[in-house]
1. May I ask you to list the aspartates and glutamates whose Cα is less than 15 Å away from that of B:Lys17, ignoring any residue fewer than eight positions away on the same chain?
2. Would you please name the trypsin sites (Lys or Arg not before Pro) within region A:1-69 that are DSSP coil residues with at most 15 other C-beta atoms within 10 Å of their C-beta?
3. Accessible area per residue, 1.4 Å probe, Å², for region A:3-112: what's the number?
4. Heavy-atom accessible area of A:Glu16 with all protein chains present, probe 1.4 Å, nearest 10 Å²?
5. Excluding same-chain residues fewer than 8 positions from A:Lys69, which lysines have a Cα within less than 30 Å of its Cα?
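The values are calculated or read from the model by the stated rules, or taken from the named source; none is laboratory data. The structure presented is a predicted model; accordingly, all values stated were derived computationally and were not measured. Here the Cβ positions follow ideal geometry from the backbone for every residue, glycine too, while neighbour counts run over all protein chains shown. Remember, those area values only see protein heavy atoms, side chains included, never the ligands or the DNA or RNA. Shrake-Rupley method; radii C 1.70, N 1.55, O 1.52, S 1.80 Å.
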Amino acid sequence: AQSVTQLDSQVPVFEEAPVELRCNYSSSVSVYLFWYVQYPNQGLQLLLKYLSGSTLVKGINGFEAEFNKSQTSFHLRKPSVHISDTAEYFCAVSLTSRNDMRFGAGTRLTVKP
Amino acid sequence: DAMVIQNPRYQVTQFGKPVTLSCSQTLNHNVMYWYQQKSSQAPKLLFHYYDKDFNNEADTPDNFQSRRPNTSFCFLDIRSPGLGDAAMYLCATSRDGGTGGYEQYFGPGTRLTVT
C-alpha cells in the first residue's frame with residue numbers, strides 16, 4: 001500500500017521568507033501526488049497535484065512542488081510567504097489504478113510578522 | 001457555486017446517543033467519501049461510495065454506518081458514540097473513483113463533541 005511521510009510537523013517562518021515543506025512517499029507502483037491546505041475549522045483545499053509530465057508543478061497562492069522519482073519526494077515550496085499562508089498542509093498520494101488517497105500527518109506552517 | 005455542504009457545522013451528542021451527520025453536494029460527482037480527522041492528525045478514510053456501491057475501510061468500526069439515498073446526499077450515522085469518536089468529520093466528493101488522479105473536493109466539516 002502507498003504511504004506518505006511529512007518530515008516536519010511544524011514549520012515556523014517569518015513573513016516574506018521562503019519556505020519548503022517536505023514530503024516523501026512510499027509505493028511499489030506508480031502514484032499521483034497532491035498537496036492540500038486546511039485553514040482552521042475548514043475543509044481541505046487542493047493546492048496542486050502531479051499526475052504526469054513536467055516534474056515542477058505550479059499551484060494556487062504562489063505555491064509550487066517538484067516531483068522527484070529517484071528520491072520519492074514531492075516537496076512544496078513558496079519563495080515568499082504571507083501571514084495568510086498560516087495553515088495546515090497535507091501531502092497525499094493515490095495510486096494510478098484507483099482513487100484511494102492517503103494523507104500524510106500534516107505540517108503546520110506558522111508565518112510570523 | 002458548486003460545492004460540498006455539511007450540516008451541522010458543530011454537533012454535540014451524549015455518550016451512547018445515536019447521531020447523524022449529513023453531507024450534500026451540487027457537483028454531481030459520483031464518488032463521496034467520509035473522513036474522520038482528530039486534532040493535529042491526518043484525515044482518516046472511513047468509507048466511500050462509488051455511485052451506490054459502498055466501500056468500507058477494513059479498520060472502520062462497526063459503530064459507523066453510512067447511507068447514500070441519491071447522488072447528492074450522503075449521511076454518516078454513529079450508532080453509539082464514545083468519547084473517542086469526538087473529531088472533525090469531513091465529507092469529500094470526486095468525479096470518478098475508477099482510477100487515481102481525481103481531485104477530492106471537501107466540505108467544511110462537522111466538529112463532533114461527545115459529552
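1. Those aspartates and glutamates meeting the cut-off are B:Asp77, B:Asp85.
2. On the way: sites: A:Arg22, A:Lys49, A:Lys58, A:Lys69; in loops: A:Arg22, A:Lys69.
Counting only loop positions with at most 15 other Cβ atoms within 10 Å, the trypsin sites (Lys or Arg not before Pro) in region A:1-69 are A:Lys69.
3. Working: 5080 Å² over 110 residues.
It amounts to 46 Å² per residue over region A:3-112.
4. 130
5. Output for A:Lys69: A:Lys49, A:Lys58, A:Lys78, B:Lys44.
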